[in-house]
Each structure stands twice: as C-alpha cells, then as structure tokens.
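Read the structure below first, then the notes.
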Amino acid sequence: MRYLLIMSAFSILIGVLFKLQHYPYGQQLFYFGLVANFVISSLEINRLKRRIKTLEKGRETSEDPASLRK
C-alpha cells in the first residue's frame, strides 16, 4: 500500500512538472495522481479503523473482571 501512495505522489509531481513545461497530458497525470492518492488513503484509513476496533475489543475482554477470575 505504501508503494501505491509513493507512485501516486510521483504521478502528481510529474503531472505538475509536465504542466509547468506545457507538455501534453500534464493535467491528466496530475488529476490521476490526486484521485489515486485520495482512494488509496481512504482505503488505508478504513483498514486502520478496523484494526483499532479489533484491538480495542481485545483489550476490553482482557480487562473484564470475570475473565481475570478464570
């Protein structure tokens, strides 16, 4: 996932450089990089939220006094 974020950031950078030099497809590269970065970041945030929930559930059951008596 990290490599996809790096590639999308690279696409944004190349798109900006193409746009500054007035090369063709600079704006498309830039927008593609922005959309890709948004999608990948959204997926990563959702994955981390699910991971946090599972870790919090595990901590709640381990702190339960009934489970400590056994």
Notebook entry, point to check: In degrees from 0 to 90, rounded to the nearest 10, what is the angle of the helix 2-21 Cα long axis to the longest principal axis of the chain?
Noted result: 20 degrees
Next item on the list: For Val16 and Val39, calculate 0.36 nm times their separation in residues minus their Cα-Cα distance, and state this gained length in nm to one decimal.
Entry: 6.3 nm
Margin query: Output the 0 to 90 degree angle, nearest 10, between the alpha-carbon long axis of helix 26-62 and the longest principal axis computed from the alpha carbons of the chain.
Written below: 0 degrees
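Under the rule of -39500 (n - 2.57) per DSSP H run of 4 or more residues, summed and divided by the residues of the chain, what mean residue ellipticity at 222 nm is obtained, to the nearest 500 deg cm²/dmol? Write down the numbers at each step before the final one.
Working: 3 runs with 62 residues, N = 70.
Mean residue ellipticity, 222 nm, calculated: -30500 deg cm²/dmol.
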Notebook entry, point to check: Between (i) 74; (ii) 68; (iii) 60, which matches percent of Cα pairs over 14 Å apart calculated for the structure shown?
Noted result: (ii)
Check: If we count other beta carbons within 10 Å of each Cβ, what is the order of Lys49, Lys19, fewest first?
Finding: Lys49, Lys19
Check: For Ile12, Ile6, what's the fewest-to-most ordering of other Cβ within 10 Å of each Cβ?
Finding: Ile6, Ile12
Checklist line | Nearest-0.05 FRET efficiency for Arg59 and Gln28, computed from C-beta distance (R0 35 Å) | finding: 0.15
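For a quick check: sort Val35, Val16 by the number of other beta carbons within 10 angstrom, fewest at the front. Could the numbers behind the result be given before it?
Working: Val35 12, Val16 15.
By the 10 Å Cβ count, ascending, the order reads Val35, Val16.
Laboratory data are not the source of any read-out in this text; all were calculated from the coordinates shown. Everything numeric here is computed off the predicted structure, so don't read it as measured data. As a convention, Cβ positions derive from the backbone with ideal geometry for all residues, glycine included, and neighbour counts pool all protein chains shown.
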